[in-house]
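This report concerns only the one structure given below.
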Amino acid sequence: MAWELVTRRTGGSVATLTTVPTRGGALVLAATATGLFRSADGGRTWAATSPAAGPLFAEAVAVSPRFADDQTVFVGTRQGLYRSSDGGATWACILVGSPMLALASGAEPAGGTALFVATEHDGILRSSDGGRSWSGANAGLVDLTVLALALSPRFVEDRTGFAATASGLYRTRNGGRAWRALELPLDEPAVQCLAVSPDFAHDRLVLAGTEGEGLLRSDDGGTRWELVPALAGQSVTSIAFSTRHPGNRAIVVATGAGLWRSGDGGVTWSHLGAELGPLLSLAFVPENGGEALLVGRARRGVARSEDGGRSWTEANVGLAGSLLTGLVAIGAAPTLVAASLDDSVLLSPDGGATWERGQGLDDVLVFGVAAGERALFASTSEGVFRGHDDGRHWELVCPAAAPPSIGALAVGRQADGAVPVLAASAQGTLLLSDDGGERWRVCRIAERAAVVSVALSPDYPSDRTLFVGTIADGAGVERELALWRSRDGGEQWEQRLSARGSEALPLLIVPNPSREAAIFIGVGGRVLRDCPAIAGGGAGDSGWREAPLGDGSLVVTHLVASPRYRSDGTLFAATSVGVYISCDRGRSFYSCSEGLNGRGVVVVTPSPRYAKDWLIYAAEPDGTLWRRRDAARTLPY
């Protein structure tokens, strides 16, 4: 039996819109939390650039100056920098480190590609060979939190570029070898977006949008700046020049108060009164001798105007940019509870047919959900929340002194009415509660390690055993992955596994028939398993056994066991190419992805009544939900 589609959502937050001229017209690229989307019809309809999941948490996009010939695209994310040489169909991670907030590319005199990356903590990184090698480009920068970059359209000749930071604005006129701070009519403004005129060689026009003090304008290449009076006090989030500039001197900027338009190169401005919601990005797109204006919004996808912003239509066909970060099934119906970066927590009491938002999580980023016996928790940007009424209502239970952003979360087996909960910040701080979130204690697992997964022993109330998966800090595409174990409730830790990789470490601890716990961990395209007695070690304490999935190109993204694993031995693995299943306690896995068409799956969860209804759910990163019955009974043995 193949998978059946339950629901597909459109829209989502669009961080960046980029217009790319091609020989046949123009493409538009949209960066979203679920990856990169492209439109070949002026932004009316969209399609993911790759059939599998692309770079998640996409923030910035740049293309090669010779895109029409080499089809090279770069995407900056919170995790790293990715490059595609086939227009976005396939991707390779070429740089990891500090979150990458902006990109800019230009031609080099010798014919190569100059690529600049703005980072949150490490300033500017520069490559002269399209991302194959890197060097720092921070000479002259005082502030290393770089929010925006822009290069002259004739960078290959004039070597001019601009960098915006949290405290001001810088210019280079030697191709990024050195930067000089520019004098501005504001005291240390946080400049968060930049735009250089397409006709910069002649009009010398540069615009800079600030976080809360309005728009800055220079018409002499950045030497002198003035604050635009009409936009004083505004938060400017994006700037777009007309694609027909300088013949059409239209410019549009997005602000907290909506859109503003200038028809004279930014000298005077008028407010466009449409109510479009929070605005993140803008782009003009040429078509049929004219042009359309696109706006990327928070949560609501793309809106499109063909009359300069006076009227708007929704343009979300095919655009699925709302990242799903977790999914659990609870109750007999079952009720599905999903975590989404755009919509906080969503719940469906009818198995995915209809959805409603949970209450109490407004303006909170939700990174995951975890369920236990009559217990439901969410890891968020504000701490740990506890759910009530099947996720319809939520309350903050993490203490105020705890680290505010919680990424990894696990709920243990209830004992004597108490529910253990383990949560972790990305920085490596662990929060442990033995009473369902009423009281917490804080401990630290390791220095300079990001915690990406946590788990509790099935017998945690008696054996006090915890597990944590970490990725060590450091440069390079591959980093040190580690599994840690504590057998005293988080006081002391020992390393159980070391490996190399760049992906997260899905972690699963389940009971075996012998009452020894089985440890499963996903590393790249493999599932590793070990079955020692958790509390006391044992003969298997030093050995790991490996079950490869597919041809080695896939990545395991989530592991989960059947609710009756002790008797049926069934495991499910979500991967970057679909779903795999094991009915022999993880010794071997078989694909059960018929109907998914090779789509990436971020999470898979069985029905609480799986032993009777044989029902499992799988979700793609964009929230597309699938359902299947009979998965285990279709295996070839």
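The values are calculated or read from the model by the stated rules, or taken from the named source; none is laboratory data. As the structure is a prediction and not an experimental result, all values here were calculated from the model. Positions of Cβ are backbone-derived with ideal geometry, glycine not excepted, and every protein chain shown enters the neighbour counts.
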Complete set of residues in segment 583-613 that are in contact with a helix residue (DSSP H, G or I) (Cβ under 9 Å, 6 or more places away or on another chain) and of a type in the set (S, T, N, Q):
607
In this structure, does residue 595 turn out to be surrounded by fewer than 22 Cβ atoms within 10 Å (Cβ to Cβ) and either of a type outside the set (Ser, Thr, Tyr) or in contact with a Cys (Cβ under 7 Å, 6 or more places away or on another chain) (or both)?
yes
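Residues are listed down the side, and each one gets a yes or a no for (1) within 28 Å of residue 432 (Cβ to Cβ); (2) not assigned by TED's automatic domain parsing to the domain that holds residue 451; (3) not β-branched (Val, Ile, Thr):
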position	(1), (2), (3)
332	no, no, yes
338	yes, no, yes
341	yes, no, yes
348	no, no, yes
360	yes, no, yes
366	yes, no, no
375	yes, no, yes
379	yes, no, yes
387	yes, no, yes
Taking segment 237-255 and keeping residues closer than 14 Å to residue 266 by Cα and not small (Gly, Ala, Ser) leaves 239, 241, 245, 246, 248, 249, 251, 252, 253
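Out of 178, 118, I need the residue that is at pLDDT 95 or above, farther than 26 Å from residue 69 by Cβ and part of a strand (DSSP E or B). Which one?
On the way: 178 fails: part of a strand (DSSP E or B).
Being at pLDDT 95 or above, farther than 26 Å from residue 69 by Cβ and part of a strand (DSSP E or B) holds for just one of 178, 118, which is 118.
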What do you reckon, is residue 321 modelled with pLDDT under 95 and out of contact with any Leu (no Cβ under 9 Å at 6 or more places or on another chain)?
yes
Looking only at segment 40-55, decide whether some residue is out of contact with any Lys or Arg (no Cβ under 8 Å at 6 or more places or on another chain), under 22 Å from residue 138 (Cβ atoms) and assigned by TED's automatic domain parsing to the domain that holds residue 301.
no
Exactly one of 240, 274, 254 is modelled with pLDDT of 95 or more and in contact with a Ser or Thr (Cβ under 8 Å, 6 or more places away or on another chain), and that residue is 254
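Filter segment 563-592 for residues that are among the hydroxyl-bearing types (Ser, Thr, Tyr) and surrounded by fewer than 23 Cβ atoms within 10 Å (Cβ to Cβ); which is nearest to residue 48 (Cα to Cα)?
Across segment 563-592, the extreme among qualifying residues is 576.
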Test: residue 91 is farther than 22 Å from residue 148 by Cβ, touching a residue at least 60 places away in the same chain (Cβ under 8 Å) and among the aromatic types (Phe, Trp, Tyr)
no
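How about segment 4-44: which of its residues are assigned to a loop (DSSP other than H, G, I, E, B) and surrounded by fewer than 24 Cβ atoms within 10 Å (Cβ to Cβ)?
8, 9, 10, 13, 23, 24, 40, 41, 42, 44
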Return the only residue of 132, 126 being assigned by TED's automatic domain parsing to the domain that holds residue 192 and at pLDDT 95 or above.
126
Considering only segment 577-598, state which residues are assigned to a loop (DSSP other than H, G, I, E, B) and under 22 Å from residue 521 (Cα atoms).
577, 583, 584, 585, 586, 587, 588, 589, 592, 593
Run down 338, 303 and say which single residue is hydrophobic (A, V, I, L, M, F, W, C), within 26 Å of residue 557 (Cα to Cα) and in contact with a Ser or Thr (Cβ under 9 Å, 6 or more places away or on another chain).
338
Residue selected from segment 45-76 under the condition without any contact (Cβ under 8 Å) to a residue 40 or more places away in the chain and surrounded by fewer than 24 Cβ atoms within 10 Å (Cβ to Cβ), by the criterion farthest from the chain's Cα centre (by Cα):
69
Scan segment 280-315 for residues that are outside any strand (DSSP E or B) and either among the aromatic types (Phe, Trp, Tyr) or surrounded by fewer than 20 Cβ atoms within 10 Å (Cβ to Cβ) (or both) and jot them down.
288, 289, 298, 299, 306, 307, 308, 310, 311, 312
Just wondering, is there one or more residues in segment 206-222 that are charged (D, E, K, R) and buried (at least 21 other Cβ atoms within 10 Å of the Cβ)?
yes
Counting just the residues of segment 408-427 that are touching a residue at least 40 places away in the same chain (Cβ under 8 Å) and surrounded by fewer than 19 Cβ atoms within 10 Å (Cβ to Cβ), which one comes out nearest to the chain's Cα centre (by Cα)?
413
Step by step: first the residues of segment 104-115, then only those that are over 21 Å from the mean Cα position of the chain (by Cα) and in a strand (DSSP E or B), then the one that is surrounded by the fewest Cβ atoms within 10 Å (Cβ to Cβ). Which residue is that?
107
